[in-house]
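Inspection log for the structure reproduced underneath, given as structure tokens.
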Amino acid sequence: MTQFAPRKGMNSAEIEETIEAIIAEATLEEKVGMMSGKGFFQAMARTGGVWGGEPYRAGGGIERLGVPALYFTDGPRGVARGSGDTGSTCFPCTMARGASWDRDLERRIGEVMGAEARAQGCTLSGAVCVNLLRHPGWGRAQETYGEDPFHLGELGASLAQGIQAHNVVATVKHYALNSIENARFKIDVRIDGRVLREVYLPHFKRILDAGCASVMSAYNKMNGEYCGQHRELLTDILRHEWGFDGFVHSDWMLGVYAPYGASAGLDVENPEPLQFGERLIEGVQQQQVEPGVIDTACRRILRIIYRFACAEDPLAEYTQDIVANDAHIAVAREAAEKSAVLLKNEGALPLDKGANVGVFGSLAAMVNTGDDGSSKVSPPYVTTALAGIASYLGEPDIPLSGDESDVAAAAEAAKGLDAAIVVVGTTAEHEGEFIPGDIGQSALMQPGAKIPEELKLMIAAMIESQAEKQGAGHNSGAMGAAGDRGGDREKLRLPDDQADLVKAIAEANPNTIVVIASGSAIICDWAGSCAAILQTFYSGMEGGTALARLLFGDVSPSGKLPFTVANDEGEYPFFDKNADVITYDLWHGYTKFERDGVTPQFPFGHGLSYASFAYRSVKAARHGDAILAQVSVTNTGTVAADEVVQFYISPPGKSIERQKKLLKGFERVAIAPGETVHVHVSVPTDDLRWYNEATGSWTLETGEYSVLAGGSSADLIAATLSL
């Protein structure tokens, strides 16, 4: 029966009429059936435990009435579907793209993800991950854009809009306060209303205001209650304060613990109806859950399904041949080039194209695109650092010159070279999504969980299968594998053997260039010994090609740090990956360093170039409900390059303690040698308010504000104005 199937071109009135007809026609069981995912464990068993091996049904759907379901794919490095030569385009990790500070690029990346999702049978994307980087030890730091709420919101909004351009529903995650990985299933984050709204939620609101249609709740607790069933988060703030009209779904397994999550504002439980199945039906029948709760959730789900399904598609068809095509791969290469951050350069870069160089470090020859958890993408190929440099030099068979397995031999090989390129950093062994080996069994242990016996057998078989694969040395990127993997970092420095390699080679060769592949900050206690440091993060399938072009000057590095790099771990906020309870306050990242009067090793927003830039003439004035600010920037170098122009605003801070300054605007601009550009931003005065918890309102402080502009948070010129 297809009487309620969506039709292209249906207007909003027709959609609402159809939704009401579905609500009137559907049974309680059919409505509750739309409020959970289905078939996850069977799909995992069929694919040998490979995450994304098949499109996963993640809510919605009444076959009898012709109502379509949503089919989920994860991200955020690309579409987590397929494998081998059918795999998706693999972009640099989100943190790398955060270093690009490029809204337009991020929107185009979203468009690629949306198109490739549709081509692979998916209509719901979990690619928009914007949990704030409170501490760089967080295992999933690579999946977010950085430490600043404004920066997070701008790039996350661009990605969501790009994905949704192809009528794929974007979901923003994880709502909220999910900034510790190992303890994510249990930790209780204690936080007051001001810190919550000023620091940890603004980016979510920005992304939802930009049209993102769905929210994924977080595993952790906030002030004693799990986020997936937290009325203040899901209803009071999300619906009442922000006016969000989309739907909220849970994270996968252990995302909701009671049927009352529906009353709190959760609409869909994924991946299976552990709570939103028979238990929710019984709750309605026993008058513990109001029937109106079910109808409200179904309206939210249906409204988004039909809004997207009835809209005209940008492409006439979405076929497999668009996945990882040349145009999409070119975007991945552009992202890798724009995201690399030149931390240090004492004249070693760019390299002369005829230079005699050696490449060192085991990571140089390793496929290393990041975490092997839910964000894993399987592209048709990955160009490693070694392969990219070798191809650039026209020597495809160039061997690795040495690695950390024999530091002395590597140092000896570095002598006499024009430059020694040392690739170091982290891999999925050091950081990533923490997946306990018994996650499937843990799901079965939820209070009151009712799972058919055949599903229990499938889960057990899946775990046993992955145990065998691990024993055979396979790395399938499967979920639920036996043995813990991923998680928060124990240390923020390089592994000891890599640090020893850097020091030894730098002693042997004064032109040592260190390339850092990682998801977050690495404290470079060896920085004084090398001539240049380039952080490329996990740079995606085209990372090696981009690296060679950066090293040899075909393109100037233009990335800027989306986080602060400390001199010592103790300069960051308190962090305990196994904590049961933790308190979040106003202070982290550059705001904490400034409050404490500590100069970091590399400040937020830092990044060098092969060009040089001069800033002058900052101006700021109030026009209506906004501050208009501008600054003039001149390329005083000899090569064309991009510069990321940053604007910060410093409030009076007299009525209440506030951060010394906060990022409120940025623009990435291309500037030719000798050219001067004038960069403008508009900052709504509402963005300068602080939250008064006593009154439950936002207050604009009066007094003198400083508007600061420059190339990093530590290199700024200022203008003042009074509000």
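Observations
- Any chance Gly283 is assigned by TED's automatic domain parsing to the domain that holds Leu28, surrounded by fewer than 24 Cβ atoms within 10 Å (Cβ to Cβ) and without any contact (Cβ under 8 Å) to a residue 40 or more places away in the chain: yes
- Here Lys577 meets the list (1) assigned by TED's automatic domain parsing to the domain that holds Ile516; (2) assigned to a loop (DSSP other than H, G, I, E, B); (3) surrounded by fewer than 19 Cβ atoms within 10 Å (Cβ to Cβ) almost entirely, failing just condition (3).
- Extreme residue, farthest from the chain's Cα centre (by Cα), among residues of segment 589-602 that are assigned to a loop (DSSP other than H, G, I, E, B) and surrounded by fewer than 21 Cβ atoms within 10 Å (Cβ to Cβ): Gly597
- Some residue of segment 156-170 being at pLDDT 95 or above and in a strand (DSSP E or B): yes
One line per residue, one yes/no per condition, for (1) farther than 19 Å from Asn345 by Cβ; (2) touching a Lys or Arg at 6+ places or on another chain (Cβ under 6 Å); (3) modelled with pLDDT of 95 or more:
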position	(1), (2), (3)
Ile513	no, no, yes
Leu547	no, no, yes
Pro562	yes, no, yes
Asp585	yes, no, yes
Thr599	yes, no, yes
Gly605	no, yes, yes
Leu608	no, no, yes
Tyr615	yes, no, yes
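- Residue within segment 89-111 that is surrounded by fewer than 24 Cβ atoms within 10 Å (Cβ to Cβ), of a type in the set (Asp, Glu) and at pLDDT below 95 present: no
- Residues of segment 71-105 that are among the acidic types (Asp, Glu) and either in contact with a Gly (Cβ under 7 Å, 6 or more places away or on another chain) or assigned to a loop (DSSP other than H, G, I, E, B) (or both): Asp74, Asp102.
- The residue pairs whose first member lies in segment 208-231 and is within 16 Å of Asp74 (Cβ to Cβ), whose second member is of a type in the set (Lys, Arg) and modelled with pLDDT under 95, and whose beta carbons are closer than 7 Å, counting only pairs six or more residues apart or on different chains, are Tyr219/Arg184.
- Output for segment 507-545, where each listed residue is surrounded by fewer than 23 Cβ atoms within 10 Å (Cβ to Cβ) and either of a type in the set (Gly, Ala, Ser) or farther than 24 Å from Tyr392 by Cα (or both): Glu507, Ala508, Ile523, Asp525, Trp526, Ala527, Gly528, Ser529, Ala531
- Residues of segment 661-693 classified as in contact with a Lys or Arg (Cβ under 7 Å, 6 or more places away or on another chain) and more than 23 Å from Ser617 (Cβ to Cβ), total: 4
- Among the candidates Leu177, Leu233, residue that is modelled with pLDDT of 95 or more and either assigned by TED's automatic domain parsing to the domain that holds Asn578 or part of a loop (DSSP other than H, G, I, E, B) (or both): Leu177
The values are calculated or read from the model by the stated rules, or taken from the named source; none is laboratory data. The structure presented is a predicted model; accordingly, all values stated were derived computationally and were not measured. Don't worry about glycine lacking a Cβ; one is built from the backbone with ideal geometry, like all the others, and counts go over all protein chains shown.
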